[in-house]
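The values are calculated or read from the model by the stated rules, or taken from the named source; none is laboratory data. Bear in mind that the values here come from a model prediction, so they are computed numbers and not experimental data. In this analysis, Cβ positions are derived from the backbone assuming ideal geometry, glycine residues included, and neighbour counts consider all displayed protein chains.
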Amino acid sequence: MAAMDDKIRKAGRHTSQSEGLIFEKSAPGKRGIELPPLDVPAVDAQKELGAAQARKAVEGFPEVSEIEVIRHFTRLSTWNYAIDLGMYPLGSCTMKYNPRVNEHVARLEGIATEHPFQPAALSQGCLKILQTLQDCLLEITGMDAVTLQPAAGAQGELTGLLLIRAYLESQGNPRRKVLIPDSAHGTNPATAVIAGYEVENIRSESHGQIDVEKLRELVTEDVAALMITNPSTLGIFEERIAEIAEILHSRGALLYMDGANMNALAGIARPGEFGVDVMHLNLHKTFSTPHGGGGPGAGPVAVKKVLEPFLPVPVLVSKPDGSLALDFNRAKSIGRVRAFSGNFGVLVRALAYTLAYGPGIRQATEDAVLNANYIRKGLEGAFDLPYALPSMHEVVFSDARQKKNGVNTMDIAKRLIDYGFHPYTTAFPLIVPGAMMIEPTESESKEECDLFIEAMRAIAEEAATTPQLVKTAPHSTRVGRLDEVTAARKPILRWKPKTSPEAAD
Amino acid sequence: MAYPTTFRYTKEHEWIEVKGDTGTVGITDYAQHELGDVVFVELPKAGAKLKAGQSFGTVESVKAVSEIYSPVSGDIVETNGALANEPEKINQDPHGAAWLVKVKLSNPGDLASLMDAASYEAYVAEKQKETSA
Amino acid sequence: MGARMVNFGGWDMPVEYPSGGIIAEHLAVRTRVGLFDVSHMGDIRIERSGTPGGALAAVQHISMNDAAKLSIGQAHYSALLYPQGTFVDDLIIHRLAEESYLLVINAGTREKDWNWVRDNVHGFACAARDASNDYTQLAIQGPRAAETLRKLTDADLTPIRNYWFTTGTVCGLRDVLIARTGYTGEDGFEIYVPSDAATSEMVWNRVLEAGKECGILPCGLGARNTLRLESKMALYGHEISDTINVWEAGLDRFCKLEKGDFIGSAALAAAKAAGLRRTLVGLEMIDRGIARDDYKVFDETGTEVGYVTSGSAAPFLKKNIALAYVPPSLSTVSTNLLIEIRGQRLRAQVVPTPFYKRPKK
Amino acid sequence: MRYLPKSPSERREMLEAIGARSIEELFQSIPERVRLKQPLHLPGPLSEMEIIDYFRARAAENSVGYTSFLGAGVYNHLRSVVTDALMLRGEFLTSYTPYQAEISQGTLQAIFEFQTLMCQLTGQEVANASMYDGSTALTEAALMAERLTGRHRVVVARSVHPEYREVLATYARNAGLQIDEIPFAESGEVDAAAARAAVSAETAALVVQSPNFFGVLEQVPQLAEIAHAREALLIVTITEAVSLGAVRPPTEADIVAMEGQSFGLPPSYGGPFVGVIATKEKFVRQMPGRLAGQATDNAGRRGFVLTLATREQHIRREKATSNICTNQALCALAATIHLCLLGKEGLKELAAQNLAKARFAAAELAKIPGVRRAFSAPTFNEFVIELPRSVKMVNAELLRDKIIGPLPLGPFYSELTKRGLVCVTETTSRAEIERFAAALRRALEKPL
């Protein structure tokens, strides 16, 4: 138990001001932006576009002043939890500190202002940024080539599988199946299907590792690839990874790695060196670009030499004169997965992050793994640990003990909110019933880890003595648990004005 | 809730009650219990063809989607429109008001492979053991 | 016995004995053994009359724990509830035989409890009677309680697990009920001997005699209260009352809604859905001062948020502790609160409870 | 390292607590031979100042100081400093997807407001919480139409943004979706006759863009009639969302797939942007992407949650409507803030200024000998001009005057050599337009 000093601990309460919808503040004649006066002759839209095409007004749009907009969104912001407020131990999401300098440089004149169709001669700065980031990602992953185009991890996955399909087609047979472990992220199977593959699940063996013997049976001429996450979603490194790659390659299949957990490997080991053929990275995880409440992200895909010809267009090339350019004519390319040059703004932030660390990125990885193991140690005894193998950057407990008192992982997660923390990832991976997946990342101090451990232990105590207190949590937030059932049965997905927009036209 | 003896049951937890050449199909009390609060039901239009053992729709709860498999082959003669606005009926009265479709059987032989109430109850009991274990 | 007496529920009860004083008595129970005269406790017998199962059905109807789970020779903690899910009283229910139960209730609420039980078992195939006058109840509590009692009985105490009981000869008295129960958070026994003054005084003295080399002390209500507080055991009129429900009191684990309807169950199910309005937390004073019953509790912003139900210096923990009702939003461990003590707002902090846990052997 | 909150002694303490002798011990599950022996060869470490200097240097190698007339799906519009100030609040910037509703109400309510604004804007009934960008939104819309109709062909107008069509093609190839392209008419609009001929009983959707890639407004009601005649859906994609301040919304469309970059997001060399899918209520369960919905808590207070989640990958896994995981919440927030600032009148005025400036520019350029408008139908803030010689060569000349000229259409449409797409927004001043016209005149007067 904590020393009985009066040291300020984490705030339990989330106080905030009330605030309605912006539409409810609207009054005719108010506005928050004024335009400079028109310096050319005004035109009559009715005449220019024709009565059929001209729009009279956008009904139901708010009319508010600048200060009202500032207050509205500032108040809304205070209803959010954030990394800037405290530990955000969401397993497999890698919620690490988002350096502010990244935001600054992404907004620079000459960076934010550039148009993707401007001539290459006037884009050398942008292209150098892309080139440098590519080089860094290749050095970190040990792969041979990379595309920065995919807009997010899930799109990176799709790109990766399309590359595999294109490569296998060029070998004569795209094959039918993709193998996916039962511990995989939900995006994996969804992606495989969209890439035109059938999904076959492969069970983990008792220690949570891929069952290599089973794999040996499953890999046939029909199997295009195995999609793995390494370290797995249990936070455990696949110790027989080289052997796994070996089995696939011996049957002409490829090894795809979901790079979601790269935060456990950067500077320690390189997927390119343990048999991975294709992998995607989540720049919004390992490379610290902000999640922003759910995006934007970026999901670069790194590949081995044999897959390079199939990369999406355009690809970055250097001209004889040493300048950089985009090459759009690539006969074997799978085509585009996104317009323009990917989420450039996100790529800029990722590069700023990488430059800040340089080779020191290893220290970040070490601290991430140190934190995860420290928390694991601190919670052993209080919670059930279903898989005992060494943890890397995250640790997965289960609610098995608390279930006896009717308290499940979601209840404990919600109670964490009262202790001033964001919940960990609940009920994932699926192979752990009542999973509690904790990833502290390197951004947490020892003190923050200690407070978290203390909170979790206190909740374990409460689950045993006053379960009802835990099951009805959170008690400290603006709103309590919301009625998701009614929300889904009778969805209200928008505010409605008195007159519908159609009526105005 | 008791499992009507006039019904036949599938391993995927659908029930069917046959009168003449038409069968009424629904999901069992066990199924609705496993799903939790049902929020949406997706059913084919009347006239659609069903094949025994194949999925013909989905039932959604807040956090789960589950396929509905047809116990028999045949043509759908009627679907339960009321469920569109009141999916909760599936939780309230799975063996009655919340029937899903009525099917004109093309192969009454299909029924032979289905469980009767007693064996289904035993089957469910097994399942519950697994989950509690 | 020359003890300092107070009137407790119509009984003259010792608060402390000259030989010790509350602190010494408290420490004796935590480290050695203490003897309590708790003859004031009330006893109710419920037995089958007529159709089988009548007694169990009656007990199930009037109490919140699941008596169907009780084996013969086993007891459990439970409570009698009003229809609104609040407390008539808490109690210990012993299953004496196939269809025979002994309900041990508080002195202060003895008459109320008895009337309430009588009225509510009406209509069940059972016979209930107030057996309070049949027994004198003595509690021998502490790590060396077994050692002390062993000298006075032929019953084998070792196999008796916590909240189980047996009968045996004690001090030559046959068929004495020996229960491994107590109200101190320590290991110990409560024995039920014939209630005539002579017998109870004889047993009292024999136990003190037998306990001498274990360092036994006679203990009064004062120590009984500090001991139960350190172990977060509820006391009627403090942590539980007719205005506090089971969830608020944090007695969830003794309340078995799943066993079927009983008095108060419907209201409790509803309360569960409605969510908690207040919850019982353990407090440790940061500033110097002792919180007492009904003192006001404030949050850091100075808003009144709740009240203290029991408070005291904890002799064994050597801290000033209290139990208090506060909103769930202020229940997290290490939340800072203020308690108004004689016009002064002193700082306290939420700590895990029970404050004291018996060291595992 | 400044981002890492641990002292060496704290690291030692923690290792001791774990019972590990060294940090290496924590990595022992990684086979020795795949563990890196030497440090990575990476540039850095750089201090904050060095990082800023590095990117300033890169910025200087770009187009700073040039006046651009490029649009084509990425537009340079006014942005308020207010938007950035709010976006940079850590509570928005550094929060995760709002799965834990109780501590994500800020993001959730903002999304709900975004969905509302998108509905009002597009004249549709429901809109999602955003997609990656316009091109992926269009692709997802087509796949959605495939699911809704059970048909496997889409008819796509060639006047839809070429890169959007490339993205659609990439996805379609494996989704078993066949694409039939239809030409544009003299006017620059979709060739209605061709459309009528192409749309069949196998067609899932007719896909058009308005204003289209040439800036030309399509006649949505007529195209809807053509699609609906064969029970196909009409998908309208919009790359220049500001147009909706002046142009009638595509209410007849069944699905609108829009790019929202024009609302407060910088061009940023192509991203991140914010895609939108808006549609009819009856289609909502086949709509991909996240959705915020209104709900109440046990005390009856209004709150918001992510709803209809069963459509998404983390529940359906291989049966999901899409594999999309992230949306572009922060970009959607920027758009929401921007539109709240503009408001009803501001958006209308903004659109009117774009229209007026584009008209003025078109007129100025038309005065130059040999320069003519390529298409006759009404346009918004983009229009195609035809030049007497290669646009590429002309642009090279314009660069000397620090002007980035029209986008050459030749590379996208072999039949449209010597044609260039001009974009003029409220940010382009009259003086810049006149400078452009003068420079173009000089460039064309130059003998070849």
- Task: Select from segment C:274-315 the residues that are among the small types (G, A, S) and under 24 Å from C:Y236 (Cβ atoms) and list them in ascending order.
- Result: C:G282, C:A291, C:G306, C:S310, C:G311, C:S312, C:A313, C:A314
- Message: Residue pairs, Cβ under 9 Å, 6 or more apart or interchain, first in segment D:8-27 and within 9 Å of chain A (Cβ to nearest Cβ), second part of a helix (DSSP H, G or I) and of a type in the set (F, W, Y). List them.
- Response: D:M14/A:Y374; D:L15/A:Y374; D:A17/A:Y374; D:I18/A:Y374
- Message: Looking only at segment B:1-28, count every residue that is assigned to a strand (DSSP E or B) and acidic (D, E) and tell me the total.
- Response: 2
- Note on the structure: In the set C:F262, C:F316, the lone residue that is at pLDDT 95 or above and assigned to a loop (DSSP other than H, G, I, E, B) is C:F262
- Give me a count of the residues in segment C:187-220 that are among the small types (G, A, S), part of a helix (DSSP H, G or I) and closer than 24 Å to C:H26 by Cβ. 3
- What are the residues in segment A:331-362 that are more than 22 Å from the chain's Cα centre (by Cα) and at the interface with chain D (Cβ under 7 Å from one of its Cβ atoms), if any? A:I334, A:G335, A:G358, A:P359, A:G360
- Collect the residues in segment B:37-74 that are in a loop (DSSP other than H, G, I, E, B), buried (at least 22 other Cβ atoms within 10 Å of the Cβ) and at pLDDT below 85, keeping them in residue-number order. B:V62
- Note on the structure: Scanning segment D:29-40 residue by residue, those of a type in the set (S, T, N, Q) and within 7 Å of chain A (Cβ to nearest Cβ) turn out to be D:S29
- Message: When you scan segment D:226-248, do you find a residue that is of a type in the set (V, I, T), in contact with a Ser or Thr (Cβ under 9 Å, 6 or more places away or on another chain) and farther than 25 Å from D:S376 by Cα, even just one?
- Response: no
- Item | Search result, residues across segment D:350-378 that are touching a residue at least 24 places away in the same chain (Cβ under 8 Å) and of a type outside the set (A, V, I, L, M, F, W, C) | D:Q353, D:N354, D:K357, D:E364, D:K367, D:P369, D:G370, D:S376, D:P378
- Message: Any residue at all in segment A:122-130 that's over 27 Å from A:D321 (Cα atoms), over 18 Å from the mean Cα position of the chain (by Cα), assigned to a helix (DSSP H, G or I) and of a type in the set (D, E, K, R)?
- Response: no
- Leading residue by the ranking (nearest to A:A184 (Cα to Cα)) among those in segment A:56-100 that are surrounded by fewer than 23 Cβ atoms within 10 Å (Cβ to Cβ) and among the basic types (K, R): A:R100
- Item | Criterion (at the interface with chain A (Cβ under 7 Å from one of its Cβ atoms) and small (G, A, S)) met by exactly one of D:A334, D:A329, D:A374 | D:A329
- Message: Of everything in segment A:117-166, what is among the polar types (S, T, N, Q), crowded, with 24+ Cβ neighbours inside 10 Å and more than 8 Å from chain D (Cβ to nearest Cβ)? Give them in sequence order.
- Response: A:T141, A:T147, A:Q149, A:T159
- Qualifying positions in segment D:78-100 - at the interface with another protein chain (Cβ under 7 Å from one of its Cβ atoms) and among the hydroxyl-bearing types (S, T, Y): D:S80, D:T94, D:S95, D:Y96, D:T97
- Query: If you scan segment A:328-347, which residues turn out to be under 26 Å from A:L168 (Cα atoms) and not aliphatic (A, V, I, L, M)?
  - Reply: A:F328, A:N329, A:R330, A:K332, A:S333, A:G335, A:R336, A:R338, A:G342
- Message: On the basis of being more than 25 Å from the chain's Cα centre (by Cα) and of a type in the set (F, W, Y), does A:F328 make the cut?
- Response: yes
- Message: Anything in segment D:104-159 that is surrounded by fewer than 24 Cβ atoms within 10 Å (Cβ to Cβ), more than 7 Å from chain A (Cβ to nearest Cβ) and outside any helix (DSSP H, G or I)? List them, or say none.
- Response: D:E125, D:G150, D:R151, D:H152, D:R153, D:R158
- Message: Can you tell me which of (1) touching a residue at least 24 places away in the same chain (Cβ under 8 Å); (2) more than 9 Å from chain D (Cβ to nearest Cβ) is the one A:G172 doesn't meet?
- Response: (1)
- Query: Looking at A:G406, is it in a loop (DSSP other than H, G, I, E, B), within 12 Å of chain C (Cβ to nearest Cβ) and within 26 Å of the chain's Cα centre (by Cα)?
  - Reply: no
- Query: Restricting attention to segment C:222-240, does a residue exist that is out of contact with any helix residue (DSSP H, G or I) (no Cβ under 6 Å at 6 or more places or on another chain) and free of Cβ contacts under 8 Å to residues at least 40 places away in the same chain?
  - Reply: no
- Task: Working only within segment D:267-281, note down all residues that are closer than 12 Å to A:N343 by Cα and part of a loop (DSSP other than H, G, I, E, B).
- Result: D:P267, D:G271, D:P272, D:F273, D:V274
- Item | Of residues in segment C:241-285 being of a type in the set (D, E, K, R), in contact with an Asp or Glu (Cβ under 9 Å, 6 or more places away or on another chain) and more than 24 Å from D:A299 (Cβ to Cβ), the one surrounded by the most Cβ atoms within 10 Å (Cβ to Cβ) | C:K256
- Task: Taking D:Y75 as meeting all but one of (1) more than 7 Å from chain A (Cβ to nearest Cβ); (2) of a type in the set (S, T, Y); (3) assigned to a helix (DSSP H, G or I); (4) closer than 27 Å to A:E66 by Cα, write down the number of the exception.
- Result: (3)
- Message: If A:A151 satisfies all but one of (1) in a helix (DSSP H, G or I); (2) farther than 17 Å from A:Y353 by Cβ; (3) of a type in the set (A, V, I, L, M, F, W, C); (4) under 22 Å from the mean Cα position of the chain (by Cα), what's the number of the condition it fails?
- Response: (1)
- Task: Would you be able to say whether some residue in segment A:326-346 is crowded, with 24+ Cβ neighbours inside 10 Å, of a type in the set (A, V, I, L, M, F, W, C) and part of a helix (DSSP H, G or I)?
- Result: yes
- Contact list, first residue from segment A:235-264 and on the phi > 0 side of the Ramachandran plot, second anywhere and surrounded by fewer than 18 Cβ atoms within 10 Å (Cβ to Cβ) and assigned to a helix (DSSP H, G or I), beta-carbon distance below 9 Å, six or more apart or interchain, is A:G252/A:L168
- Taking only segment C:109-152 into account, find how many residues are of a type in the set (D, E, K, R), surrounded by fewer than 18 Cβ atoms within 10 Å (Cβ to Cβ) and in a loop (DSSP other than H, G, I, E, B). 1
